[in-house]
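Below is one structure; the comments refer to it alone.
The values are calculated or read from the model by the stated rules, or taken from the named source; none is laboratory data. Keep in mind it's a predicted model, so treat the numbers as computed, not measured. Cβ sites come from the backbone with ideal geometry, for glycine too, and all protein chains shown count toward neighbours.
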Amino acid sequence: MRVDYADDTDLEVDRFEGGWFPVAQQWLGDAIAAAVPEPNAIVLGTVDESGHPATRTVLCKGLDADGVVFYTNYESDKGVQLARTPYASITFPWIAIARQLTIRGAVKKVSAESTAKYFATRPRGSQLGAWASHQSRPVASRAELEAQLAEVTARFDGADVPVPPNWGGFRVIPETVEFWQGRTNRLHNRIRVTVASSTVERLQP
Ligand SMILES: Cc1cc2nc3c(=O)[nH]c(=O)nc-3n(C[C@H](O)[C@H](O)[C@H](O)COP(=O)(O)O)c2cc1C
């Protein structure tokens, strides 16, 4: 299986005069316009207590000049890993349009207010699911999980569902941002922006 990535729009360092964010925003818009499935899905890499990497997919729920926000359970494996090593690498794998965006940087929890604002926009079923699931912990059976959901559904019957105490957002604050764009003959474009120094470098593919 060999795909010739022929994206003819070129990517030059001068596109980054306004920093990494306008180009990242444009690329996310391009992925949405191209109907890439789950265009806001990101692969999130963290490290465990042994320094070993761990990856999983989460959904980007905010992209702005301050970075990328996603929501999760703070007591999940990723939550525990980020509490211990607050640093992450995230990748938007827009394979269908031969592009990839990778952001690495420090991670901080978002404010409780921001989390509450976002949580309120989620469908009730997702809100209840966040209460019902002790994410990343073993469970004896599917039936036990459904019993946990039934319990919280009854508990919040007729009431708004509050944010679970162990649930919220993380923001990845970009240190480096790398744009990868597939080109013909494997001479792909790679541009890396180092945010603190505003350095923009072309990397060999
Ligand atoms: C498309 C997709 C989107 C997902 N979005 C999220 C998300 O936004 N937040 C989340 O906690 N888990 C999300 N998950 C589940 C995670 O990949 C993962 O299984 C879970 O968060 C537990 O990860 P951990 O044990 O490493 O903490 C998503 C999975 C997929 C495939």
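So for region 81-93 (the condition being out of contact with any strand residue (DSSP E or B) (no Cβ under 7 Å at 6 or more places or on another chain) and at pLDDT 95 or above), does at least one residue qualify? Yes, the conditions are met somewhere in region 81-93.
Would you mind finding the one in Phe70, Phe119 that is out of contact with any Ser or Thr (no Cβ under 7 Å at 6 or more places or on another chain), assigned to a strand (DSSP E or B) and crowded, with 18+ Cβ neighbours inside 10 Å? Going through Phe70, Phe119 in turn, just one is out of contact with any Ser or Thr (no Cβ under 7 Å at 6 or more places or on another chain), assigned to a strand (DSSP E or B) and crowded, with 18+ Cβ neighbours inside 10 Å: Phe70. Considering only residues that are over 18 Å from Ala132 (Cβ atoms) and in contact with a Leu (Cβ under 9 Å, 6 or more places away or on another chain), which ones fall in region 63-81? Scanning region 63-81 gives Leu63, Val69, Phe70, Lys78.
Looking at this structure, is Lys78 buried (at least 18 other Cβ atoms within 10 Å of the Cβ) and either under 30 Å from Phe179 (Cα atoms) or of a type in the set (S, T, N, Q) (or both)? Judged against the criteria, Lys78 is a match. Against the numbered list (1) outside any loop (DSSP other than H, G, I, E, B); (2) more than 28 Å from Gln204 (Cα to Cα), Glu49 comes up short only at (1). Scan region 179-205 for residues that are assigned to a strand (DSSP E or B), in contact (Cβ under 8 Å) with a residue 24 or more places away in the chain and surrounded by fewer than 17 Cβ atoms within 10 Å (Cβ to Cβ) and the total you get is 2. Scanning region 49-71 for residues that are free of Cβ contacts under 8 Å to residues at least 60 places away in the same chain, within 12 Å of the ligand (Cβ to nearest atom) and in contact with a helix residue (DSSP H, G or I) (Cβ under 9 Å, 6 or more places away or on another chain) yields a count of 4. Of all the residues that make up region 72-95, how many are away from the ligand (no atom under 12 Å from the Cβ), out of contact with any helix residue (DSSP H, G or I) (no Cβ under 8 Å at 6 or more places or on another chain) and either polar (S, T, N, Q) or in contact (Cβ under 8 Å) with a residue 60 or more places away in the chain (or both)? Final tally of qualifying residues: 3.
Could you please find all residues in region 79-102 being over 12 Å from the mean Cα position of the chain (by Cα) and over 14 Å from Trp27 (Cα atoms)? Answer for region 79-102, where residues must be over 12 Å from the mean Cα position of the chain (by Cα) and over 14 Å from Trp27 (Cα atoms): Gly79, Val80, Gln81, Leu82, Ala83, Arg84, Thr85, Pro86, Tyr87. Here Trp27 passes the criteria (1) part of a strand (DSSP E or B); (2) under 15 Å from Ile103 (Cβ atoms) except the one numbered (1).
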